[in-house]
Amino acid sequence: MLFAATAASATAAVHPVVGTVASITVVEGPDGRYVEVIVTHDALAYALNDTSTRITDPQMYALLDGPIEDLAATLQDGRERFQSGFKVFADGVSLPLEIVQSPTVESIEQWKFDKPGARLPVILEFIARAQLPANCASIAVQAPAVFDEVVLGVTRPGRESTFMPLAPAELSPDFLLRQPGAAVSAGSPEPDGESTLGVAWRYAVIGYEHIIPMGFDHALFIFGLFLLNARLKDVVWQTTTFTIAHTCTLTLSTLGLVRLPMGLVEPVIALTIAFVAIENLFTTKVHPWRPAVAFVFGLAHGLGFASALQSIGLPASQLAVGIAAFSVGVECGHISILLAAFALIGWWRKKDWYRARISIPLSTLVALIALYWFAQRVL
């Protein structure tokens, strides 16, 4: 656990990870219907056939600053992989894809000109089209695994825009299309996309993954609560108030009722972790105000969760299901952290030396990591 937290602080200095966004739009024109595909991605990572999360800065800088001929050849290889690897299906049949725009040496040079001082990551687009058969009833898409997780947005005439995350190389559900000549309506009673159960499971998994393995800061906060007093009753009560609070701000922010810049929220989250860890050094018991502190700090963490959820997208027709399932997944992540902490060090919580040998040293480490994050996020 501590190794993971330390690794998180060490890896925070690499290039920002870019999530891939695939926008799929069904267009009706005089020549029939076609699908327009716009994929916004980490251009250098994809060109090197790697994910934005796994690739290193030296690999991308070697391509960016190397011979132009090598860059052009690598980008061309990426274009060919995209044309053969990104799939659009009409009624289950793969359609030929025509690339309209792709990353080029010129577009990367333009990126460098437009973003002086921010050379990585290079965020560019693939734009492609696929002609739809005349009586096509549904479409589905599948992105190559190298794009990692993809946020998919689908826009169709006569239906609500739909957003959902896709796992690497996951085939999307079928999205129904209005038949040519049919009246345009605001929605449809026909089942479309994922079922309610499918949406709930997907967002519960996403919520869990935002604690384990991705949510080092949120997980470290829960671990800090545990370190002061490892009594199950005390920790569960604090965690519950924390969960209630972050669910409130998560919901309000997702609905657009509360908004704060992440440049403010992220440093505050780091300070909440540091506060809890430092308090552990100066007290030996859980004071009555600790659950209230957990609640107030949970409000800040909820805004952080909301930012992550907004970047992923939520199905407009099942918004409440997505938010509730995400919160359940987050809470399951919290419970997993507590169970792991009990399994690893909870056995000694009643020993006379628990505070001196475990609680104080680990709380000090948590505080140092949190303060490092705070400094990093404000500079």
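The values are calculated or read from the model by the stated rules, or taken from the named source; none is laboratory data. These numbers were taken from a predicted model, which means no experiment stands behind them. Neighbour counts run over all protein chains shown; Cβ positions are idealised from the backbone, glycine included.
Computed quantities for the displayed model
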| item | result |
| --- | --- |
| Those residues of region 50-63 which are surrounded by 17 or more Cβ atoms within 10 Å (Cβ to Cβ) and in a helix (DSSP H, G or I), in sequence order | MET60, LEU63 |
| Lone qualifier among SER161, SER138 - being touching a residue at least 60 places away in the same chain (Cβ under 8 Å) and of a type outside the set (D, E, K, R) | SER161 |
| One residue from PHE305, PHE275, PHE297 being at pLDDT below 85, closer than 15 Å to ASP217 by Cα and aromatic (Phe, Trp, Tyr) | PHE305 |
| Qualifying residue in region 312-328 (condition: within 21 Å of ALA270 (Cβ to Cβ) and in the same structural domain as VAL235 (by TED's automatic domain parsing)) | no |
| Test: residue in region 363-372 that is closer than 18 Å to LEU281 by Cβ, free of Cβ contacts under 8 Å to residues at least 12 places away in the same chain and out of contact with any Pro (no Cβ under 6 Å at 6 or more places or on another chain) | yes |
| Leading residue by the ranking (nearest to the chain's Cα centre (by Cα)) among those in region 102-121 that are closer than 20 Å to ARG81 by Cβ and not in a helix (DSSP H, G or I) | PRO121 |
| Residue in region 251-259 that is of a type in the set (Ser, Thr, Tyr), surrounded by fewer than 18 Cβ atoms within 10 Å (Cβ to Cβ) and either in the same structural domain as ILE345 (by TED's automatic domain parsing) or farther than 21 Å from VAL18 by Cα (or both) present | no |
| Check on LYS87, more than 15 Å from LEU48 (Cα to Cα), basic (Lys, Arg) and modelled with pLDDT under 95 | no |
| Index of the failed condition, GLU69 passing every other in (1) at pLDDT 90 or above; (2) buried (at least 20 other Cβ atoms within 10 Å of the Cβ) | (2) |
